[in-house]
Amino acid sequence: MRLSLRARLVFGFLVVIALTVVSSFVAINNIQAINARLEHILEISVEKVLIGEHMTRDILAISRAEKNLILAETPEDRQVYIQKIVDTDAEMGERLESFLALSEKERDEAFIKFEDAWNEYLLVNQRIVELVKQDQREDAMILSAGKGRELVDACEGFMDEIVNNIGKDMKRDEEISRQTYRSSMIILLSLTGMSVLLGLVIALLIVRGIMKQVGGEPSEIEIIAKRIADGDLTIVGEYGNGNGELKNASGIYAAVTGLSLKLTDIIRDIMTAAENVSSGSQELSSSAQQMSQGATEQAASAEEVSSSMEEMASNISQNADN
């Protein structure tokens, strides 16, 4: 099935537009994926790392307040450190809730161990506070330096592990973003290359189809048409093969040059017919002249016969009178 020029142009533009839409769709999807990864890193992972650092400082703050509580000499100083422990523990609880709210998956093993160690430490800390209130500072010091120190170190170690895991997740997200970026670039460059190549192929096919329909350069066809309109049919010698036939030509080009050749043939036939008519007219005129001459001769003969008969009649009349 041969497509019209309009259909070919529309088809070519539709193909290029389709490739552009596909490229844009892939680019937008990959950009959204990269943006989601970056948002996850900036809004979740970084926030969790910050919360983890704050919780580490809270652990150390409670541990220092605990030591200062044991060493405090006056009830007022002890109350200050007890209140410091209570306030810091409350802040620690809020940060734990914020941390869990940001978590997209269930608690990992390090976080579970941290919670267990922290809850156990809070119990030890409460026992230390009670011992201090009972003025058993030596027992409180032993408990703080022993089990308390062990649990604080465990909490710090588990929190460091949690932060390290978050850092690994951030690196993983960063690597995924980079891979997405690289794959996006490869896909976009491939689609762009395909679009350009296909566009060139379509353009060549369209140009080839147009040139096949036109048959030559439009400017040259315009010149030929103007020459024919001006009555110049000498293009026959330029574009014919000498036998009244066209050289290699097609489409509009062939139609225009063919028109010139046909007009030349028609004019040649008309001139031949005119010559034949002129020759017939000349022959008819010659025959008419011969007929006229023959009639003149016949009239002269008739006059001679008539004169002879008159003369014979006169002779007969004379003979009769005699």
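Somewhere in region 93-110, is a residue at pLDDT 90 or above and open to solvent by less than 20 Å² (accessible area, probe 1.4 Å)?
Checking region 93-110: not a single residue is at pLDDT 90 or above and open to solvent by less than 20 Å² (accessible area, probe 1.4 Å).
Cβ-Cβ distance below 6 Å, separation of 6 or more or different chains: which pairs start in region 165-193 with a residue that is under 30 Å from Ala110 (Cα atoms) and end on one that is at pLDDT 80 or above and of a type in the set (Val, Ile, Thr)?
Between residues of region 165-193 that are under 30 Å from Ala110 (Cα atoms) and residues that are at pLDDT 80 or above and of a type in the set (Val, Ile, Thr), the close pairs are Ile166/Val49.
Report whether or not Lys168 is outside any loop (DSSP other than H, G, I, E, B) and open to solvent by 90 Å² or more (accessible area, probe 1.4 Å). I'd like the intermediate steps shown before the answer.
Details: outside any loop (DSSP other than H, G, I, E, B): yes; open to solvent by 90 Å² or more (accessible area, probe 1.4 Å): yes.
Yes; evaluated as a whole, the condition is true for this residue.
Report, by residue number, each residue of region 111-135 that is modelled with pLDDT of 90 or more and of a type in the set (S, T, N, Q).
Of everything in region 111-135, those that are modelled with pLDDT of 90 or more and of a type in the set (S, T, N, Q) turn out to be Asn119, Asn125, Gln126.
Of all residues in region 174-188, how many are β-branched (Val, Ile, Thr) and under 19 Å from the mean Cα position of the chain (by Cα)?
Step one: filter region 174-188 for residues β-branched (Val, Ile, Thr), giving 176, 180, 186-187.
Imposing the further condition that a residue be under 19 Å from the mean Cα position of the chain (by Cα) reduces the set to 186-187.
Residues meeting the conditions: 2.
Name the pairs whose Cβ atoms lie under 6 Å apart, with the first residue in region 26-49 and at pLDDT below 75 and open to solvent by less than 30 Å² (accessible area, probe 1.4 Å), the second part of a helix (DSSP H, G or I) and charged (D, E, K, R), and 6 or more positions between them or separate chains?
Qualifying pairs under 6 Å: Ile41/Asp173.
Of the residues in region 146-162, how many are buried (at least 19 other Cβ atoms within 10 Å of the Cβ) and over 22 Å from Arg127 (Cβ atoms)?
Pass one, region 146-162, residues buried (at least 19 other Cβ atoms within 10 Å of the Cβ): 148, 151-152, 155, 158-159, 162.
Then keep just the ones that are over 22 Å from Arg127 (Cβ atoms); that gives 159, 162.
Count: 2.
The values are calculated or read from the model by the stated rules, or taken from the named source; none is laboratory data. Owing to the predicted nature of the structure, the values given are computational and were not obtained by experimental measurement. We place every Cβ from the backbone using ideal geometry, glycine too, and count neighbours over all the protein chains shown. Heads up: the accessible areas ignore ligands, DNA and RNA and are worked out on the full protein's heavy atoms, side chains in. Shrake-Rupley method; radii C 1.70, N 1.55, O 1.52, S 1.80 Å.
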